[in-house]
Amino acid sequence: MQKLIALDTETTGVNLFQGDAPFAISTCDSEGVTRLWEWPVSIHSRQPMPPSEDLKEFIDYIDGSTLVFHNAKFDIRALQNLGIRLVFEEVDSIREQTWSTLPYSHSHEFEATIHSFEDTLLASHVCDSVEPHGLKELAEKYLDILDDDQEDLLDAVRAARRQLKSRGEEVSPNVKSDYWLPKAVDETSTHLKKYAVQDAVRTMLLWRMYEQVMIEKKCLPQYYTRKALLPITYRMESEGVTIKKVLLSREIKRYNHSATVVEAACVKFIRDKKLQDDDFNIRSGKQIQKILYGDPEGSNRRRVRGLNCPITELTDGGGISTSASTLLNLYHDHVPKSGHGRAFISQILRYRKNRTCAQYLQSYKDIMQKEGKKTLLHPSFNQTGTRTTRWSSSNPNGQNIGSGGKDAFGNEVEDFCLRDVFGPATGRVWICSDYSQLELRILAVLSQETRLLEAFENDEDIHSLTADLCGISRKAAKGVNYGIIYGAGSAKLEDMTGLSNFDKVFKEAYPGISKFMEATTKQVTKDGFVKTIGGYRLVVPRHKPYIGTNYIVQGSAGDILNRAMIMVDQELKYDDDFPENNKGYLIMCIHDELVFDFELGKAKKVPTIIKAAMEEAGKDLGVITPVDIKRVTQRWSDGKELKL
């Protein structure tokens, strides 16, 4: 009989690409039998010191089993950092999709052949996309297992930290990175054992629950798709994204300098106008508020009035808003074009834009790593980070790296494009494949909106069509088209268009979309969930039924992209007739775009293959999905479109 073993690792931190590694491994089998391997950690190097015989014993124990994880990708990489390679047997999942052996670029001393694995993190999202997916939260909600074991461990860690500090030892600033400390100061401590073993128990019990729930909810196919994406994601994270180190430093310096110049101008303006006694802090929303709207407690009339800007928006707490959207609204619509208020708002927006760009780029610099001749980032791509089937990413958040730059006023410009600092290494080329207007095409299919379907078939400009039908500008029409998808309300749409009766105008222009949105709202109110075109069940809060349209459209876009990743991965597998396939790999999944890194001169056939597979992924789910392909040799922002 196949062994079923839940496995959990305790690590010295979560930055596995920067050397964090497990200091304990806990398991729980299907009979409830638990085991723990725990090792000392060097206080100075923070590296675990596991004896080889312990690792060999662990490998022998799990060999041939099916492993259950809560976040398999993390634990598998953590084991790799101990020199342990898990080789997964290829077993059928759904249709043509099969598990592949996970790749390892690092050397390994130990190897175990694993039959298969399950992941309660993925199962949690498939069953309920809205609830928190943390192991402790799920166990407390469904198993009535409290997290008192964690609280006891944290208390012991804090006590150990105090003891070490009193001896002059340095400790990590993050308490949760020091779960190994109690054992380091007291060999008899059992706090970690209780905590680690309980996590393995939680994982096993949750899996037993989810394997039944997924059958009842008929969502096993969606779970298998999520599993099929995991080895692809693992490879994607392992390869990393090349960043231009010299250019990065130069851009950080440039944006910081621009922000400093703007800040100095603001300080001088306020001093000259005697609007404030103290030095002006441009990062203080409270001080900006007093300058713009006035200070009732000001020492003179000028300070009481400030720049006399009208109050247009309040925060949720009832305060006066100084957010970017509020200031932009003031700048465009509520202050005189020649007044001091407009000039000051302009400077604040410019400062924030430059400062934000500098901070984003600095965050990249803080986590980049030199690996051979390359400087790389290893983003974490998360399948369960959104409430739909869309991906999220962190370290860095790739979803913030837009395809084009926008200035402080939302205008598209060449500057402020964070993609400038990314690009292929010497001797490599990036192939960037991006779905064209994917969400709008999905909306057209789901709603069976005749005008949209015909426009897409005839390759018309969709935003111009909406502009003509609704009697608004193309810019406003673009905002409307995407606003409908992202759940903009009537007030927001009226503000975008300047039409007080825009709901009526839109219904007349696109009756199919209006009927679809109304039907979706009724379905959410009745059922509390919607289903994507790929059958993924997405829970929608009943008190917000209007966002059901957004969930279906975004979730369906995620279905297509996920299917495309699997299909492209199948196509790019190495074979004797296509050896260049072995020279490239997927490195990013950002919005509707997949980015591949290939050896220069070895990717001639690749763009056509990628485009065909991605377009087929949409057709399989009933949506015509054209794909634009760009070739990048220097900067990601300077890709050249390929006509295929």
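The values are calculated or read from the model by the stated rules, or taken from the named source; none is laboratory data. Please read these numbers as outputs of a predicted model, since none were measured by experiment. So basically every Cβ, Gly included, is an ideal-geometry build from the backbone, and we count neighbours across all protein chains shown. Please note that ligands, DNA and RNA were not included when accessible areas were found on the heavy atoms of the full protein model with its side chains. Shrake-Rupley method; radii C 1.70, N 1.55, O 1.52, S 1.80 Å.
Comparing A265, V623, M588 along the charge dipole axis of the chain, the residue lying farthest to the positive side is A265, per the Cβ-charge model.
Accessible area per residue was computed with a 1.4 Å probe on protein heavy atoms; R305 scores about 120 Å². Loop-located trypsin sites (Lys or Arg not before Pro) across the stretch 494-563 with a Cβ neighbour count of 15 or fewer within 10 Å are R542, with loop assigned by DSSP. Listed by chain and number, the lysines whose alpha-carbon sits under 18 Å from that of K374, ignoring those within fewer than 8 places in the same chain, are K244, K245, K365, K583. Gain on full extension, evaluated as 0.36 nm per residue between R542 and K176 minus their Cα-Cα distance, stands at 128.1 nm. Taking 28 Å as the limit for the C-alpha separation, the pairs K353/K602; K290/K337; K273/K353; K373/K602; K176/K218 exceed it in the case of K353/K602; K176/K218. In this label model, E508 and V213 are separated by 4.9 nm, measuring between points 7 Å along each Cα→Cβ vector. Here the Karplus curve 6.51 cos²θ - 1.76 cosθ + 1.60, taken at θ = phi - 60°, turns the phi angles of the stretch 304-311 into couplings of 5, 7, x, 8, 6, 7, x, 7 Hz, with x standing for Gly and Pro.
Against the chain, whose longest principal axis comes from its Cα atoms, helix 474-485 is set at around 40 degrees.
The label-point distance for E187 and F110, in a model that sets each label 7 Å from Cα toward Cβ, rounds to 2.2 nm.
Accessible surface for I533 stands near 50 Å², nearest 10, in the context of the full protein assembly shown (1.4 Å probe). Rounded to the nearest 5, the antiparallel percentage of DSSP beta bridges internal to the chain is 80%.
Under the simplified labelling scheme, the D468-S323 pair shows an inter-label distance of 3.6 nm, with each label point 7 Å from Cα along Cα→Cβ.
The lysines whose alpha-carbon is closer than 19 Å to the alpha-carbon of K522, local same-chain residues fewer than 8 away aside, are K507, K531, K544. Centroid-to-centroid, using Cα positions, the stretch 139-202 and the stretch 290-315 are 51 Å apart. Which is the longest part of the chain that has none of the GluC sites (Glu not before Pro) sitting in a DSSP loop with at most 12 other Cβ atoms within 10 Å? Of all site-free stretches, the longest is 415-644. Where does the charge balance sit around A444 when Lys and Arg score +1, Asp and Glu -1, over other residues with C-beta under 11 Å from its C-beta? Every neighbour counted, the sum reads -2. Averaging Cα coordinates gives a centre for the stretch 518-561 and one for the stretch 39-53; these two points are 48 Å apart. Ordering H334, H115 by accessible surface, largest first, gives H334, H115; the 1.4 Å probe counts only protein heavy atoms, with every chain in place. Of interest is the spacing of the C-alpha centroids, which for the stretch 62-81 and the stretch 114-133 amounts to 14 Å.
Summing charges over neighbours of K370, with a neighbour being any other residue whose Cβ is under 15 Å away from its Cβ, gives +3 when K and R count +1 and D and E count -1. In plain terms, the chain from T312 to E169 could stretch by 46.1 nm, reckoned as 0.36 nm per residue minus the Cα-Cα distance. For K286, give me every one of the lysines with a C-alpha distance below 16 angstrom, ignoring sequence neighbours fewer than eight places off in its own chain. In chain and number order, there are no partners. Over all other residues within a Cβ to Cβ distance under 12 Å of A477, the charged ones net out to +1, with Lys and Arg as +1 and Asp and Glu as -1. Given R0 = 22 Å, the distance between the Cβ atoms of Q399 and D628 translates into a calculated FRET efficiency of 0.70.
Each Lys and Arg Cβ is given +1 and each Asp and Glu Cβ -1; about its Cα centre, the chain then shows a dipole of about 3080 debye.
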